[in-house]
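Taking it in order: structure first as structure tokens, then the write-up.
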Amino acid sequence: MTASPPKLFVKSYGCQMNVYDAERMADALAPQGYVAAGSAEDADLIILNTCHIREKAAEKVYSELGRIRKMKQETGRSPKVAVAGCVAQAEGAEILKRAPVVDLVVGPQSYHRLPELLREAAEGRRPVDTEFAVEDKFDRLAAPAPKAIRGRGVTAFVTVQEGCDKFCTFCVVPYTRGAESSRPVSQIVAETERLVAAGVREVTLLGQNVDAYHGEGPDGRSWSLARLMYELAEIEGLARLRYTTSHPRDMDDELIAAHRDLAKLMPYLHLPVQSGSDRVLAAMNRKHTADEYLRLIGRIRAARLDLALSGDFIVGFPGETDADFEATLAIAREAGYASAFTFKYSPRPGTPAADMDGQVPEPVKDERLRRLQALIAAQQAAFARSLVGRRIDVLLDRPGRHPGQLAGRSPYLQPVQIVAPGAAIGDVVSAVVTDVGANSLFAALRTAAERPDDMSMTPEATA
Ligand code: 5AD
Ligand code: SF4
């Protein structure tokens, strides 16, 4: 009998940093022979890659652990179970107490140690590794081997920055992910080149506070995010660049100019404002006013006319009055969002806002969330409709819903369904938006009959 390779199942919650980290975990375990499992049921190792940003996220992890315990009982299988990510970082050994099914706990700084931790777990110990790195943590983010990246599709994330020093009073990230640090330019360029060589066409630069990037350049000096992107845009075969997520305070002139100059930089910006009330913004320690945010958006839009804006909002922050919430609706109306994430404030233990007076009752939060979501949904639908009849570039990234159809993404991150004979996954095609569905656009390839002076939405190069 030949032993089959061990199977790994990673379930990720939360932000895109976790999606990226899941790939790093698979890379760390590949030398041990681990291959991807189709589901938790047939895995030998289950990793829950957790998020701690809101209460419900952590609770979901404990319910998932309950399901895994039941699955183990019912099937008689005994996969190892690991908890990783920010809940692991924040709760550490507490998880072992609360969930006996867990074999090991590993924080985001220690994924390179997974093989070692698994050996300890195999010996019946229940290791917990939530150390913050003393040395440069990025040195230990092994660059993925081409074998590991093949088959990952045409879009990829590349971490360029981790951690945050902003200390917004509601947020656990500065505590779970630690201080801001940036990866050296040469590592990022090398990883992006490897990804492009393996077929990736679009790269999203990731960081908790990505516009605060200040990595060491090849000249030994500190490079900004803008400078890094000018460099990456030179990579032949890379069609699109994106970055997420940004803080308004770090959007400087150079970065705004990059939106004007770099055709490969997609006209889509995730720039959270959280609230439209200056009083709440001050209590959140955001260090900017509503007006400053709006003026900033104006400057970025002047640089890139077709910029689509996305953001994050929190409703029901402690002390938020009806008038404060109206100011949030007003800023959303004025800024105009192509999409946005909306959250009810959730007190995170250890953060200053958790101890503030004036916690808002749940039903009030529910009502505010509903109203804000309705506004954002209307803006999103109106934006999609405004594209009908216009030409956009679509990066084809997967088969479509129906035979003959392909699916891809617009420059504004909307899913697009398209019939594109002769085109292949990985191509960027120029197409006209014909209709709008519930969650996606429909588009058709340009025909010869079309006017040659058809208004172009993006200067992006076509494949
Ligand atoms: N409660 C609600 N939303 C939160 N976010 C961060 N912390 C909290 C919290 N305690 C939201 C913010 C942030 C996004 C990633 O999550 O809007 O931008
Ligand atoms: Fe959290 Fe604020 Fe840092 Fe964003 S900028 S990660 S919300 S502390």
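The values are calculated or read from the model by the stated rules, or taken from the named source; none is laboratory data. Just so it is clear, the structure is predicted and the values come from calculations on it, not from any experiment. Positions of Cβ are generated from backbone atoms using ideal geometry, with glycine treated the same way; all protein chains shown enter the neighbour counts.
From the list Gly33, Gly85, Gly92, Gly76, pick out the single residue that is at positive phi and within 16 Å of ligand 2 (Cβ to nearest atom).
Exactly one residue qualifies, and that residue is Gly85.
Among the β-branched types (Val, Ile, Thr), on the phi < 0 side of the Ramachandran plot and out of contact with any helix residue (DSSP H, G or I) (no Cβ under 6 Å at 6 or more places or on another chain) - does that describe any residue in region 302-321?
Of the residues in region 302-321, the ones among the β-branched types (Val, Ile, Thr) are 314-315, 321.
Filter once more, so that each one left must be on the phi < 0 side of the Ramachandran plot: 314-315, 321.
Okay, now just the ones that are also out of contact with any helix residue (DSSP H, G or I) (no Cβ under 6 Å at 6 or more places or on another chain), so 314, 321.
Looking through region 302-321, at least one residue is among the β-branched types (Val, Ile, Thr), on the phi < 0 side of the Ramachandran plot and out of contact with any helix residue (DSSP H, G or I) (no Cβ under 6 Å at 6 or more places or on another chain).
Can you pull out every residue in region 180-190 that is away from ligand 1 (no atom under 16 Å from the Cβ) and within 18 Å of the chain's Cα centre (by Cα)?
Selection gives Ser181, Ser182, Arg183, Ile188.
Just for region 122-179: of the residues that are within 15 Å of ligand 1 (Cβ to nearest atom) and among the β-branched types (Val, Ile, Thr), which one is modelled with the highest pLDDT?
Result: Thr169.
Confirm whether Tyr230 is within 16 Å of ligand 2 (Cβ to nearest atom), of a type outside the set (Asp, Glu) and assigned to a helix (DSSP H, G or I).
Working: within 16 Å of ligand 2 (Cβ to nearest atom): no; of a type outside the set (Asp, Glu): yes; assigned to a helix (DSSP H, G or I): yes.
Here the answer is no, as Tyr230 does not meet what is asked.
For region 62-113, name all the residues that are in a loop (DSSP other than H, G, I, E, B), farther than 25 Å from Gly163 by Cα and touching a helix residue (DSSP H, G or I) at 6+ places or on another chain (Cβ under 9 Å).
Arg77, Ser78, Pro79, Ala99, Pro100, Val101, Val102, Asp103
Take the residues of region 173-189 that are crowded, with 22+ Cβ neighbours inside 10 Å and among the hydrophobic types (A, V, I, L, M, F, W, C): which is nearest to ligand 2 (Cβ to nearest atom)?
So, considering only residues that are crowded, with 22+ Cβ neighbours inside 10 Å and among the hydrophobic types (A, V, I, L, M, F, W, C), the one nearest to ligand 2 (Cβ to nearest atom) is Val173.
If the requirement is being modelled with pLDDT under 95 and either away from ligand 2 (no atom under 16 Å from the Cβ) or within 18 Å of Thr159 (Cα to Cα) (or both), which of these qualifies: Gly237, Gly215, Gly207, Gly220?
Values: Gly237 fails: modelled with pLDDT under 95; Gly215 fails: modelled with pLDDT under 95; Gly220 fails: modelled with pLDDT under 95.
From the options Gly237, Gly215, Gly207, Gly220, the qualifying one is Gly207.
Scan region 40-60 and tell me whether some residue there is free of Cβ contacts under 8 Å to residues at least 12 places away in the same chain and outside any strand (DSSP E or B).
Looking through region 40-60, at least one residue is free of Cβ contacts under 8 Å to residues at least 12 places away in the same chain and outside any strand (DSSP E or B).
Looking at (1) crowded, with 19+ Cβ neighbours inside 10 Å; (2) closer than 28 Å to Ile314 by Cβ, which is the one condition that is false for Val106?
(2)
Please find, among Ala282, Ala263, Ala258, the residue that is more than 16 Å from ligand 1 (Cβ to nearest atom) and assigned to a loop (DSSP other than H, G, I, E, B).
Sole residue among the options that is more than 16 Å from ligand 1 (Cβ to nearest atom) and assigned to a loop (DSSP other than H, G, I, E, B): Ala263.
Among the residues of region 210-217, is any part of a strand (DSSP E or B) and touching a strand residue (DSSP E or B) at 6+ places or on another chain (Cβ under 6 Å)?
Checking region 210-217: at least one residue is part of a strand (DSSP E or B) and touching a strand residue (DSSP E or B) at 6+ places or on another chain (Cβ under 6 Å).
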